[in-house]
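What follows is a set of notes on a single structure, which appears directly below.
The values are calculated or read from the model by the stated rules, or taken from the named source; none is laboratory data. Note that the coordinates shown come from a computational prediction; the quantities given were computed from them, not determined experimentally. Backbone-built Cβ (ideal geometry, glycine too); neighbour counts: all protein chains shown.
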């Protein structure tokens, strides 16, 4: 009869089991923390990219506001002069050449299309929560959700006043007198169009003098009221552009300071 000898297996005590458990726990915990740190670093890198893009968006906004304001001041000044010429024409002693000139020059009023790609991506991705500075978050949302919304609404309103002016003044202007403008193609270029500028300047000394289709004093006074509404609306829009530019400049400084972009770019 064979006798089977079983190998002796030493039983582990509680301390050995606890040490095994502790080592496994520490390994899992360290892995968790390592993954959490890696994800946190990736999120911070992504946030820095968004904030850098936001700075570029705001630089674009500020630049376009500044350019529009320079152009719009001239345009608004001509609209003010147009009001004077219409009032003079209603009194029977207007300079009709100047009236036409001021109207054409007043039409070059510019609006700003704001860039919002960075804030849109931050909101849609849910990464706006990564911005730890609550004041900065509030200021950013105040800029985009409040003031740019107000500016865009005022732009739409100003466009309505502008359309009302164009639709009414057409009853008084004889546009057939401007063959050059009728046949000229618009060319988008950074080079000044001196030919058109010279043509516009020549309107002031046009001979024979230009005439209006309608010299009814009552109609001209009503037209003047429409000019006044458009002029006031333009001033409101320009005021908002100035505010938006100042807010954009301030936010650029805040974001650069918060994320130390200036020192990293040196």
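Points worth noting:
- Of the residues 71, 63, 36, the single one that is surrounded by fewer than 14 Cβ atoms within 10 Å (Cβ to Cβ), assigned to a helix (DSSP H, G or I), at pLDDT below 65 and under 43 Å from the mean Cα position of the chain (by Cα) is 36.
- Residue check, residue 103 buried (at least 16 other Cβ atoms within 10 Å of the Cβ), farther than 25 Å from residue 213 by Cα and at pLDDT 95 or above: no
- Test: residue in the stretch 215-230 that is assigned to a helix (DSSP H, G or I) and under 20 Å from residue 65 (Cα atoms): yes
- Among the candidates 178, 172, the residue that is modelled with pLDDT under 95, within 18 Å of residue 95 (Cα to Cα) and surrounded by 14 or more Cβ atoms within 10 Å (Cβ to Cβ) is uniquely 178.
- The one condition from (1) surrounded by fewer than 13 Cβ atoms within 10 Å (Cβ to Cβ); (2) at pLDDT 95 or above; (3) over 30 Å from residue 66 (Cα atoms) that residue 183 does not meet is (2).
- Within the stretch 113-169, considering residues that are over 20 Å from the mean Cα position of the chain (by Cα) and part of a loop (DSSP other than H, G, I, E, B), the one modelled with the highest pLDDT: 133
- Cβ pairs under 7 Å, 6+ apart, first in the stretch 64-82 and within 11 Å of residue 241 (Cα to Cα), second in a helix (DSSP H, G or I) and at pLDDT below 95: none
- Residue within the stretch 88-105 that is free of Cβ contacts under 8 Å to residues at least 12 places away in the same chain, more than 18 Å from residue 253 (Cα to Cα) and under 16 Å from the mean Cα position of the chain (by Cα) present: no
- Restricting 223, 243, 251, 204 to residues that are modelled with pLDDT of 90 or more, farther than 22 Å from residue 77 by Cα and either in contact with a helix residue (DSSP H, G or I) (Cβ under 8 Å, 6 or more places away or on another chain) or loosely packed, with under 12 Cβ neighbours inside 10 Å (or both) narrows the list to 251.
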